[in-house]
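What follows is a single structure, written as C-alpha coordinates, with notes after it.
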Amino acid sequence: MPFIAATSKIDLPYKTEQKEAKKQAMQMFSENFPEANRLIFAFDNTEIIYRNFCKPLCYYTKPNTFEERNNEYIRTSLEYSVKAIEDCVVKANINKEDITDILFISTTGLATPSIDALIINKLRLNPHINRIPVWGLGCGGGVSGMAKANMAAKANPDAVVLLVAVELCSLTLIKSDYSKSNFIGSSLFSDGIAASIIKGDNHKDNKGVNYVASSSKLYYDSLEVMGWEFQDTGFKVLFSKDIPAFINEHIHEDIVEFLSKQNLQLSDIKNFIFHPGGKKVLDAYTDALGVEGDFMQKTREVMNNYGNMSSATVLYVLDKFIEDGFEDGYGLMLAMGPGFSSEMVLLKMGN
(Lines give C-alpha, C1' and ligand atoms only; values in the text may rest on other atoms or scores of the structure.)
Protein backbone atom coordinates (compact mmCIF):
# COMPACT_ATOMS: atom_id res chain seq x y z
CA MET A 1 0.00 0.00 0.00
CA PRO A 2 1.11 3.65 -0.39
CA PHE A 3 2.76 5.34 2.59
CA ILE A 4 3.47 8.84 3.88
CA ALA A 5 7.22 9.39 3.56
CA ALA A 6 7.45 12.89 5.04
CA THR A 7 5.49 15.91 6.24
CA SER A 8 6.38 19.56 6.76
CA LYS A 9 4.66 22.71 7.93
CA ILE A 10 5.34 26.44 8.03
CA ASP A 11 5.46 28.67 11.10
CA LEU A 12 4.74 32.02 9.53
CA PRO A 13 6.77 35.12 10.47
CA TYR A 14 3.81 37.05 11.91
CA LYS A 15 2.50 34.56 14.43
CA THR A 16 0.33 36.66 16.72
CA GLU A 17 -1.16 36.26 20.17
CA GLN A 18 -4.93 35.84 20.16
CA LYS A 19 -5.30 38.64 22.71
CA GLU A 20 -3.70 41.07 20.21
CA ALA A 21 -6.06 39.91 17.45
CA LYS A 22 -8.98 40.38 19.85
CA LYS A 23 -7.90 43.93 20.63
CA GLN A 24 -7.63 44.81 16.95
CA ALA A 25 -10.98 43.22 16.06
CA MET A 26 -12.67 45.35 18.71
CA GLN A 27 -11.14 48.48 17.19
CA MET A 28 -12.14 47.49 13.66
CA PHE A 29 -15.70 46.34 14.36
CA SER A 30 -17.05 48.22 17.38
CA GLU A 31 -18.10 51.40 15.56
CA ASN A 32 -20.16 49.70 12.83
CA PHE A 33 -21.08 46.40 14.46
CA PRO A 34 -23.18 46.99 17.61
CA GLU A 35 -22.93 43.34 18.68
CA ALA A 36 -19.13 43.51 18.94
CA ASN A 37 -19.20 44.25 22.68
CA ARG A 38 -21.45 41.26 23.32
CA LEU A 39 -19.61 38.83 21.02
CA ILE A 40 -16.01 39.77 21.76
CA PHE A 41 -15.89 36.94 24.34
CA ALA A 42 -15.81 34.57 21.34
CA PHE A 43 -12.07 35.29 21.02
CA ASP A 44 -11.47 33.92 24.52
CA ASN A 45 -13.81 30.95 24.14
CA THR A 46 -11.91 29.58 21.12
CA GLU A 47 -9.03 28.49 23.41
CA ILE A 48 -6.71 29.70 20.64
CA ILE A 49 -3.54 31.22 22.09
CA TYR A 50 -1.61 32.05 18.91
CA ARG A 51 -2.67 32.68 15.31
CA ASN A 52 -0.47 31.90 12.30
CA PHE A 53 -0.59 35.02 10.07
CA CYS A 54 1.23 35.77 6.81
CA LYS A 55 1.05 39.54 7.44
CA PRO A 56 1.52 41.78 10.49
CA LEU A 57 -1.73 42.72 12.23
CA CYS A 58 -1.54 46.30 10.97
CA TYR A 59 -1.92 45.04 7.37
CA TYR A 60 -5.52 44.02 8.01
CA THR A 61 -6.56 47.48 9.19
CA LYS A 62 -5.49 49.18 5.95
CA PRO A 63 -7.85 49.66 3.02
CA ASN A 64 -7.12 47.15 0.26
CA THR A 65 -8.98 45.71 -2.70
CA PHE A 66 -9.81 42.11 -3.49
CA GLU A 67 -7.30 42.35 -6.35
CA GLU A 68 -4.54 43.48 -4.00
CA ARG A 69 -5.30 40.75 -1.46
CA ASN A 70 -5.48 38.06 -4.13
CA ASN A 71 -2.16 39.14 -5.62
CA GLU A 72 -0.69 38.83 -2.12
CA TYR A 73 -2.25 35.36 -1.87
CA ILE A 74 -0.48 34.27 -5.06
CA ARG A 75 2.88 35.71 -4.02
CA THR A 76 2.77 34.35 -0.48
CA SER A 77 1.42 30.94 -1.52
CA LEU A 78 4.33 30.43 -3.88
CA GLU A 79 6.99 31.68 -1.46
CA TYR A 80 5.99 29.45 1.44
CA SER A 81 4.92 26.45 -0.62
CA VAL A 82 8.47 26.31 -1.96
CA LYS A 83 9.87 26.40 1.59
CA ALA A 84 7.54 23.64 2.78
CA ILE A 85 8.33 21.49 -0.27
CA GLU A 86 12.09 21.91 0.07
CA ASP A 87 11.87 20.85 3.72
CA CYS A 88 9.67 17.87 2.84
CA VAL A 89 11.99 16.73 0.03
CA VAL A 90 14.93 16.64 2.45
CA LYS A 91 12.93 14.72 5.07
CA ALA A 92 11.76 12.20 2.46
CA ASN A 93 15.34 11.71 1.22
CA ILE A 94 14.40 12.23 -2.42
CA ASN A 95 15.43 14.52 -5.24
CA LYS A 96 12.83 17.02 -6.37
CA GLU A 97 13.13 15.53 -9.87
CA ASP A 98 11.70 12.28 -8.45
CA ILE A 99 8.26 13.82 -7.88
CA THR A 100 5.75 12.31 -10.31
CA ASP A 101 2.51 14.00 -9.16
CA ILE A 102 1.55 17.24 -7.44
CA LEU A 103 -1.77 17.99 -5.73
CA PHE A 104 -2.36 21.58 -4.70
CA ILE A 105 -5.19 22.22 -2.24
CA SER A 106 -6.63 25.65 -1.47
CA THR A 107 -9.87 27.62 -1.04
CA THR A 108 -8.70 31.10 -0.06
CA GLY A 109 -7.48 32.66 -3.30
CA LEU A 110 -7.63 32.42 -7.08
CA ALA A 111 -4.93 31.78 -9.66
CA THR A 112 -4.87 30.63 -13.28
CA PRO A 113 -2.44 29.09 -14.10
CA SER A 114 -2.96 27.38 -10.75
CA ILE A 115 -0.34 27.67 -8.01
CA ASP A 116 1.06 24.21 -8.78
CA ALA A 117 2.19 25.54 -12.17
CA LEU A 118 4.02 28.38 -10.43
CA ILE A 119 5.65 25.88 -8.06
CA ILE A 120 6.80 23.66 -10.94
CA ASN A 121 8.38 26.69 -12.65
CA LYS A 122 10.02 28.00 -9.49
CA LEU A 123 11.48 24.66 -8.38
CA ARG A 124 12.09 23.37 -11.90
CA LEU A 125 10.23 20.16 -11.16
CA ASN A 126 9.76 17.54 -13.86
CA PRO A 127 7.80 19.31 -16.64
CA HIS A 128 5.83 16.09 -17.24
CA ILE A 129 4.56 15.99 -13.65
CA ASN A 130 0.91 15.03 -13.23
CA ARG A 131 -0.90 18.13 -11.91
CA ILE A 132 -4.07 18.07 -9.81
CA PRO A 133 -5.13 21.48 -8.49
CA VAL A 134 -8.09 21.06 -6.11
CA TRP A 135 -10.10 24.15 -5.17
CA GLY A 136 -13.15 24.72 -2.98
CA LEU A 137 -13.13 21.90 -0.43
CA GLY A 138 -12.46 24.28 2.44
CA CYS A 139 -11.60 22.67 5.76
CA GLY A 140 -12.11 19.21 4.23
CA GLY A 141 -9.40 19.74 1.62
CA GLY A 142 -6.43 18.43 3.60
CA VAL A 143 -7.96 15.01 4.24
CA SER A 144 -9.44 14.81 0.74
CA GLY A 145 -6.05 15.75 -0.70
CA MET A 146 -4.37 13.03 1.34
CA ALA A 147 -6.88 10.50 0.01
CA LYS A 148 -6.34 11.61 -3.59
CA ALA A 149 -2.55 11.60 -3.21
CA ASN A 150 -2.66 8.03 -1.94
CA MET A 151 -4.99 6.99 -4.74
CA ALA A 152 -2.44 8.32 -7.24
CA ALA A 153 0.30 6.36 -5.46
CA LYS A 154 -1.86 3.26 -5.38
CA ALA A 155 -2.44 3.51 -9.12
CA ASN A 156 1.32 3.83 -9.76
CA PRO A 157 3.50 1.92 -7.25
CA ASP A 158 6.54 3.90 -8.48
CA ALA A 159 4.87 7.26 -7.76
CA VAL A 160 6.28 10.02 -5.57
CA VAL A 161 3.30 12.28 -4.89
CA LEU A 162 3.64 15.79 -3.49
CA LEU A 163 0.62 17.14 -1.59
CA VAL A 164 0.60 20.86 -0.79
CA ALA A 165 -2.16 22.68 1.11
CA VAL A 166 -2.15 26.47 1.35
CA GLU A 167 -4.81 28.49 3.11
CA LEU A 168 -4.29 32.20 3.69
CA CYS A 169 -7.58 32.81 5.45
CA SER A 170 -6.49 36.18 6.84
CA LEU A 171 -6.22 37.60 3.32
CA THR A 172 -9.93 36.93 2.75
CA LEU A 173 -10.91 39.30 5.58
CA ILE A 174 -13.22 41.96 4.15
CA LYS A 175 -12.60 45.02 6.29
CA SER A 176 -16.01 46.54 5.46
CA ASP A 177 -18.02 43.38 6.23
CA TYR A 178 -19.68 43.99 9.59
CA SER A 179 -21.59 40.70 9.70
CA LYS A 180 -21.64 38.28 12.60
CA SER A 181 -20.01 35.58 10.44
CA ASN A 182 -17.10 37.84 9.59
CA PHE A 183 -16.67 38.87 13.22
CA ILE A 184 -16.69 35.27 14.48
CA GLY A 185 -14.44 34.23 11.57
CA SER A 186 -11.94 36.87 12.65
CA SER A 187 -11.67 35.08 16.01
CA LEU A 188 -10.83 31.68 14.48
CA PHE A 189 -9.17 31.64 11.10
CA SER A 190 -5.44 31.74 10.42
CA ASP A 191 -2.94 30.98 7.66
CA GLY A 192 -1.20 27.67 7.06
CA ILE A 193 1.04 25.98 4.50
CA ALA A 194 1.86 22.29 4.73
CA ALA A 195 3.34 19.63 2.46
CA SER A 196 3.47 15.84 2.46
CA ILE A 197 5.19 13.30 0.25
CA ILE A 198 3.41 10.02 -0.41
CA LYS A 199 5.19 7.11 -2.09
CA GLY A 200 3.93 4.08 -3.95
CA ASP A 201 4.50 0.54 -2.76
CA ASN A 202 7.62 -0.09 -4.88
CA HIS A 203 9.62 2.27 -2.67
CA LYS A 204 11.32 0.45 0.19
CA ASP A 205 11.87 3.24 2.74
CA ASN A 206 8.50 2.88 4.45
CA LYS A 207 8.52 4.66 7.82
CA GLY A 208 5.33 3.07 9.07
CA VAL A 209 2.49 5.45 8.14
CA ASN A 210 0.52 3.48 5.58
CA TYR A 211 -2.67 4.35 3.72
CA VAL A 212 -5.50 1.85 4.16
CA ALA A 213 -8.73 3.42 2.89
CA SER A 214 -10.67 6.67 2.51
CA SER A 215 -14.24 7.92 2.49
CA SER A 216 -16.05 11.04 1.31
CA LYS A 217 -19.60 11.99 2.15
CA LEU A 218 -21.76 14.89 1.00
CA TYR A 219 -24.78 15.54 3.19
CA TYR A 220 -27.85 16.43 1.12
CA ASP A 221 -29.57 19.78 1.64
CA SER A 222 -26.84 21.33 3.80
CA LEU A 223 -25.23 23.69 1.29
CA GLU A 224 -25.74 26.71 3.53
CA VAL A 225 -23.77 25.35 6.51
CA MET A 226 -20.38 26.64 5.32
CA GLY A 227 -18.89 28.40 2.33
CA TRP A 228 -18.12 31.66 0.57
CA GLU A 229 -20.41 34.27 -0.89
CA PHE A 230 -18.50 35.95 -3.71
CA GLN A 231 -18.85 39.73 -3.73
CA ASP A 232 -17.13 42.63 -5.45
CA THR A 233 -15.10 43.10 -2.28
CA GLY A 234 -13.94 39.48 -2.13
CA PHE A 235 -14.75 36.22 -0.34
CA LYS A 236 -17.46 36.77 2.29
CA VAL A 237 -17.35 33.96 4.87
CA LEU A 238 -20.51 31.99 5.60
CA PHE A 239 -20.82 29.41 8.34
CA SER A 240 -23.58 28.22 10.59
CA LYS A 241 -23.71 27.94 14.36
CA ASP A 242 -25.26 24.49 13.76
CA ILE A 243 -21.95 22.80 12.80
CA PRO A 244 -21.41 21.22 16.26
CA ALA A 245 -25.01 19.92 16.24
CA PHE A 246 -24.43 18.51 12.77
CA ILE A 247 -21.34 16.66 14.03
CA ASN A 248 -23.23 15.30 17.01
CA GLU A 249 -25.99 14.04 14.75
CA HIS A 250 -23.90 12.34 12.06
CA ILE A 251 -20.25 11.71 12.81
CA HIS A 252 -20.37 8.69 15.12
CA GLU A 253 -22.53 6.72 12.72
CA ASP A 254 -20.41 7.77 9.72
CA ILE A 255 -17.13 6.71 11.36
CA VAL A 256 -18.55 3.39 12.54
CA GLU A 257 -19.90 2.67 9.04
CA PHE A 258 -16.56 3.54 7.41
CA LEU A 259 -14.55 1.43 9.85
CA SER A 260 -16.89 -1.53 9.59
CA LYS A 261 -16.07 -1.76 5.88
CA GLN A 262 -12.46 -2.40 6.97
CA ASN A 263 -13.59 -4.89 9.63
CA LEU A 264 -12.65 -2.42 12.34
CA GLN A 265 -14.42 -0.61 15.14
CA LEU A 266 -13.88 2.71 16.88
CA SER A 267 -11.86 1.09 19.67
CA ASP A 268 -9.25 0.05 17.06
CA ILE A 269 -8.34 3.72 16.39
CA LYS A 270 -5.30 4.75 18.44
CA ASN A 271 -4.48 8.08 16.74
CA PHE A 272 -7.19 10.68 16.08
CA ILE A 273 -5.86 13.12 13.46
CA PHE A 274 -8.81 15.50 13.25
CA HIS A 275 -9.28 18.97 11.82
CA PRO A 276 -9.93 21.28 14.79
CA GLY A 277 -12.63 23.63 13.51
CA GLY A 278 -12.80 25.32 16.90
CA LYS A 279 -13.42 24.51 20.56
CA LYS A 280 -17.12 23.80 20.00
CA VAL A 281 -16.28 21.46 17.14
CA LEU A 282 -13.73 19.56 19.25
CA ASP A 283 -16.25 19.34 22.10
CA ALA A 284 -18.79 17.94 19.63
CA TYR A 285 -16.33 15.25 18.49
CA THR A 286 -15.57 14.37 22.11
CA ASP A 287 -19.26 14.11 23.00
CA ALA A 288 -20.21 12.19 19.85
CA LEU A 289 -17.42 9.61 19.96
CA GLY A 290 -17.19 8.98 23.68
CA VAL A 291 -13.58 7.80 23.48
CA GLU A 292 -11.79 7.54 26.83
CA GLY A 293 -8.83 9.75 27.64
CA ASP A 294 -7.65 12.96 25.99
CA PHE A 295 -7.72 11.54 22.47
CA MET A 296 -7.86 15.04 20.96
CA GLN A 297 -4.73 16.33 22.69
CA LYS A 298 -2.52 16.81 19.62
CA THR A 299 -5.41 18.22 17.60
CA ARG A 300 -6.18 20.69 20.37
CA GLU A 301 -2.53 21.72 20.72
CA VAL A 302 -2.38 22.59 17.01
CA MET A 303 -5.54 24.68 17.33
CA ASN A 304 -4.18 26.40 20.47
CA ASN A 305 -0.90 27.31 18.75
CA TYR A 306 -2.05 28.12 15.21
CA GLY A 307 -5.81 28.69 14.99
CA ASN A 308 -8.06 27.24 12.30
CA MET A 309 -6.01 27.17 9.08
CA SER A 310 -8.76 25.51 7.03
CA SER A 311 -7.51 22.58 4.90
CA ALA A 312 -3.88 22.86 6.04
CA THR A 313 -4.69 22.37 9.74
CA VAL A 314 -5.13 18.60 9.67
CA LEU A 315 -1.73 18.28 7.96
CA TYR A 316 -0.20 20.24 10.85
CA VAL A 317 -1.87 17.72 13.18
CA LEU A 318 -0.48 14.83 11.13
CA ASP A 319 2.98 16.41 11.23
CA LYS A 320 2.69 16.66 15.03
CA PHE A 321 1.86 12.96 15.30
CA ILE A 322 4.81 12.04 13.09
CA GLU A 323 7.27 14.39 14.83
CA ASP A 324 6.15 13.80 18.44
CA GLY A 325 5.31 10.12 18.11
CA PHE A 326 2.17 8.07 17.59
CA GLU A 327 0.75 4.93 19.11
CA ASP A 328 1.22 1.82 16.99
CA GLY A 329 -2.09 0.89 15.44
CA TYR A 330 -4.65 2.63 13.28
CA GLY A 331 -4.97 6.35 12.74
CA LEU A 332 -8.05 8.19 11.51
CA MET A 333 -7.79 11.50 9.67
CA LEU A 334 -11.06 13.41 9.59
CA ALA A 335 -12.29 16.82 8.53
CA MET A 336 -15.59 18.41 7.65
CA GLY A 337 -16.06 21.17 5.12
CA PRO A 338 -18.39 23.00 2.75
CA GLY A 339 -21.07 20.94 1.12
CA PHE A 340 -21.64 20.13 4.00
CA SER A 341 -19.24 17.22 3.73
CA SER A 342 -16.92 14.91 5.62
CA GLU A 343 -13.62 13.38 4.53
CA MET A 344 -11.87 10.45 6.18
CA VAL A 345 -8.57 8.62 5.65
CA LEU A 346 -7.64 5.46 7.55
CA LEU A 347 -3.93 4.95 8.24
CA LYS A 348 -1.96 2.03 9.68
CA MET A 349 0.73 3.55 11.86
CA GLY A 350 3.77 1.74 13.22
CA ASN A 351 5.28 -1.66 12.53
Once the Cα atoms of region 41-187 are picked out, what are the Rg and Dmax in Å? 17.2, 52
Simple SL model, points at 7 angstrom along Cα→Cβ for Q297 and D44; separation in nm is 2.8
Helix 18-29 versus the longest principal axis of the chain: what angle, 0 to 90°, nearest 10, using Cα atoms? 40
Using alpha carbons only, how many degrees (0 to 90, rounded to 10) separate the axis of helix 141-155 from the longest principal axis of the chain? 20
Whole Å is fine, so just give me how far the alpha carbon centre of region 40-64 lies from that of region 231-253. 20
Counting only protein heavy atoms and a 1.4 Å probe, tell me what percentage of the chain's accessible area is made up of carbon and sulfur. 50
Once both label points are put 7 Å beyond Cα along the C-beta direction, the E229-D283 separation in nm becomes 2.7
Got the relative contact order for region 151-237 handy, in percent, Cα pairs under 8 Å and 6 or more residues apart? 38
Close lysine pairs (region 7-85; alpha-carbon distance under 18 Å; 8 or more apart or on separate chains) counted at 11
To the nearest 10 degrees, how steep is helix 313-324 against the longest Cα principal axis of the chain, on a 0 to 90 scale? 50
Could you run the Debye sum over the Cα atoms of the chain, one equal point scatterer each and no solvent, and tell me log10 of I(q)/I(0) at q = 0.12, 0.15 Å⁻¹, two decimals? -0.82, -1.29
Quick one: accessible area per residue over region 292-351, 1.4 Å probe, rounded to a whole number of Å²? 30
Region 81-219: relative contact order from alpha carbon pairs under 8 Å, six or more residues apart, as a whole percent, is 30
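Sorted by mean Cβ packing within 10 Å, highest first, what order do the peptides 49-60, 327-338, 141-152 take?
141-152, 327-338, 49-60
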Convert 37 °C to kelvin, take the viscosity as 0.692 mPa s, use the Kirkwood radius over C-alpha pairs of region 184-305 as Rh, and evaluate the Stokes-Einstein diffusion coefficient in µm²/s, rounded to a whole number. 189
Projecting each Cα onto the charge dipole of the chain (Lys/Arg +1, Asp/Glu -1 at the beta carbon, about the Cα centre), which of V160, M336, F41 comes out farthest on the positive side? V160
Once you keep just the Cα pairs under 8 angstrom separated by 6 or more residues, what percentage relative contact order results for the chain? 26
Probe 1.4 Å, all protein chains present, accessible-area order of H252, H275, largest first: H252, H275
So in region 1-150, what percent of DSSP beta bridges are antiparallel if you round to the nearest 5? 25
Where only protein heavy atoms count, and the probe is 1.4 Å, what is the accessible area per residue for region 38-138 in Å²? 49
May I ask you to order 93-103, 186-196, 61-71 by the average number of other C-beta atoms within 10 Å around their residues, highest value first? 186-196, 93-103, 61-71
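The values are calculated or read from the model by the stated rules, or taken from the named source; none is laboratory data. The structure displayed is predicted, hence computed values, not measured ones. FYI the Cβ positions are ideal-geometry reconstructions off the backbone, even for glycines, and counts take in every protein chain you see. Side chains are part of the model used for accessible areas, which takes the heavy atoms of the whole protein and leaves out ligands, DNA and RNA. Shrake-Rupley method; radii C 1.70, N 1.55, O 1.52, S 1.80 Å.
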